[in-house]
Structure formats: C-alpha cells, structure tokens
Amino acid sequence: MSAPDLNPGLADLLALRFDPLVWLPVLAVSGFYVWRFVQARRTPAGQARWPIWKAMLFGLGIVLLLLATQTAAVTLTLNSMALYMGRLMVLAEVVPPLLILGLPRGIALDPRRPLGRVLGVLLDPWVALAVWAAVIIFWNIPAGFNASVVTNTAAALLPVLYLLSSLLVWGVVLRPLPSVQPAHIGSRGWFGLIAGLPMMAVAAVWLYSRQVLYSPYVGALCLWNLSPLENQQISGWIMMLAGLPATGLALVQLMAWLIQLADSGTQPPAARG
C-alpha cells in the first residue's frame, strides 16, 4: 500500500461499497419496518404506540449498520486494529440499542406459541450471556481474532456475530417484549453489569500488554503512522469506552430496583406525640 493510502480522511473511510448479501436483507428489514410504521400511524392508538422518534432511532441504527459494514473502512482492517475495533463496537454497542428502542411499544407475543417460545429462550438472560461471552472471548483470543482478520469467511462472520449476540444482550437489558420477558428491573441491572465483564477484561489485556498479541499486526504498516502496539492499546480504550454506557444503564437500573425495594417496604408507625 502506498504512503498516501495510510492517511485516509473521513470521506475516504466512509466511501460506500455494495455487498448484496448485506444490502438486500437490510433493505428488506427496513422496508418491512416502514410499511408497519405507516400502517400504525393511521390511528391515534398506533401513533401513541409508535411515535416518530422511535422510527428516527431505528433509521439511525440502520444507517450506522451500513456505515460499519459497507464502507471503505472494511478494506483497511489489516492496517488498523483500532479502526476494526471501532467498527465492531458500533455494531455491538450503538446499533442494537437504537434498533430495539425503535420498536413500537406494547408488542404482545403469546409465550405459548412457537415464536414466543423461541424468543423467550433466546432472550433468557443466561442464554444471552453465554452467547455474548462466547463471541467476545473466542473471537478475541489470538487464534480467533487472527482468523477474523486474514480469512474472508471469518472477517464477514465476526461482525454478524457481534451484532446478533449484542442484540440478545440489549434485548434483555431494554426488555422490548415483556410478554415473553418476565425479568424485573433489578435482574436486568445485574445482568448488564455481568455482561460487561468479558469485554472489559479483553480491553484491559489490550491496554496493559507490552507486546502485540495478534500476528497479522506484528510489523504491519498501520494507518496514520501509528505503531501496532499503539493500535492495540487504542483498541482497548475503544472497547472500554464503548462499554461504559451499558454499564451506566445497568447501574441506573439497579438503583431504580433498590428504590422500589425501599418504597415497597413496610412503613413504620408514626410516632405519637
């Protein structure tokens, strides 16, 4: 790669590419969402369930999804671990909550029907935590991460796994389907804190390691004149900072749960004068 290519600007990084295997399903989901949104907005009840701001959040999530997977930044993975991790963190920590918050209120699913049963299992906190931890840990050990960088199949698979597993985690935390998600706010808070631990552990390893852990980046020519070790350390900061909003939300949920417990307790009798 020539020297000028190692210093791309924002416009260079965001130049769109077109992979039909990504664009077609994304456009299909977006079209279905718009169709149902327009239908719902015909009645006052539908407008209350599906306000415009929810559609805006969903649309923003779709745009960020495409920017993280369908731009020139994808082709520069071998030259910047930090850029690679930034893309993955957008898919894991930004896109999922936007898509979930974009869903209408009051989605009622019968937990006894097949769809309700499947979603009830997938959105079980233990199942979501197991899937998320497996993705984070396996794909960040050297063997898994190296494969995701140098092989086409793994490079395409990892962003999908980050997105899908994170949708499960954020689905547990935000609880968009209460009919199949009976968890109370306290358990969701504890879940959010525990789910953040694998990512924080990986970020700490990257931050404090004195050597480059992944062979594709050893001796690599990195973007913006950064060294491979600097790239790895910046990636640790990116992962750690990306996980802070979810951790903060988990703490807020735990505080709300503690306040509920305090308010529901038996009040002592008033002192007599």
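The table for this structure:
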item: Criterion: part of a helix (DSSP H, G or I) and over 30 Å from W53 (Cβ atoms) - qualifying residue of V94, V127, V160, V172; result: V127
item: Qualifying residue in segment 175-188 (condition: at pLDDT 85 or above, among the aliphatic types (A, V, I, L, M) and assigned to a loop (DSSP other than H, G, I, E, B)); result: yes
item: Any hit, segment 53-68, residues being open to solvent by less than 80 Å² (accessible area, probe 1.4 Å), closer than 25 Å to L241 by Cβ, of a type in the set (V, I, T) and touching a residue at least 60 places away in the same chain (Cβ under 8 Å); result: no
item: Test: residue in segment 80-91 that is of a type in the set (V, I, T), part of a helix (DSSP H, G or I) and in contact with a Leu (Cβ under 7 Å, 6 or more places away or on another chain); result: yes
item: Scan of segment 214-228 for residues that are open to solvent by less than 50 Å² (accessible area, probe 1.4 Å) and in a helix (DSSP H, G or I), ordered by number; result: P216, Y217, L223, P228
item: Identity of the residue in segment 19-52, surrounded by 11 or more Cβ atoms within 10 Å (Cβ to Cβ) and among the basic types (K, R), that ends up nearest to L163 (Cα to Cα); result: R36
item: Yes/no for I100 being part of a helix (DSSP H, G or I) and free of Cβ contacts under 8 Å to residues at least 40 places away in the same chain; result: no
item: Any pair with Cβ under 6 angstrom, 6 or more apart, that starts in segment 107-135 at a residue that is in contact (Cβ under 8 Å) with a residue 12 or more places away in the chain and under 26 Å from G46 (Cα atoms) and ends at one that is of a type in the set (D, E) and assigned to a loop (DSSP other than H, G, I, E, B); result: G116/D110
item: Unique residue being of a type in the set (A, V, I, L, M, F, W, C) and open to solvent by 60 Å² or more (accessible area, probe 1.4 Å) when the list is L109, L158, L122, L129; result: L122
item: Residues of segment 17-36 satisfying the condition of being farther than 17 Å from I100 by Cβ, among the aromatic types (F, W, Y) and assigned to a helix (DSSP H, G or I); result: W23, W35
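Matching residues to (1) at pLDDT below 90; (2) more than 21 Å from A203 (Cα to Cα); (3) open to solvent by less than 60 Å² (accessible area, probe 1.4 Å):
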position	(1), (2), (3)
E230	no, no, no
G236	no, no, yes
L254	yes, yes, yes
Q267	yes, yes, no
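The values are calculated or read from the model by the stated rules, or taken from the named source; none is laboratory data. Bear in mind the structure is a predicted one, so any value in this text is a computation, not a measurement. Here Cβ is always computed from backbone atoms with ideal geometry, including for glycine, and neighbour counts include all displayed protein chains. SASA here: full protein model, heavy atoms, side chains in, ligands and nucleic acids out. Shrake-Rupley method; radii C 1.70, N 1.55, O 1.52, S 1.80 Å.
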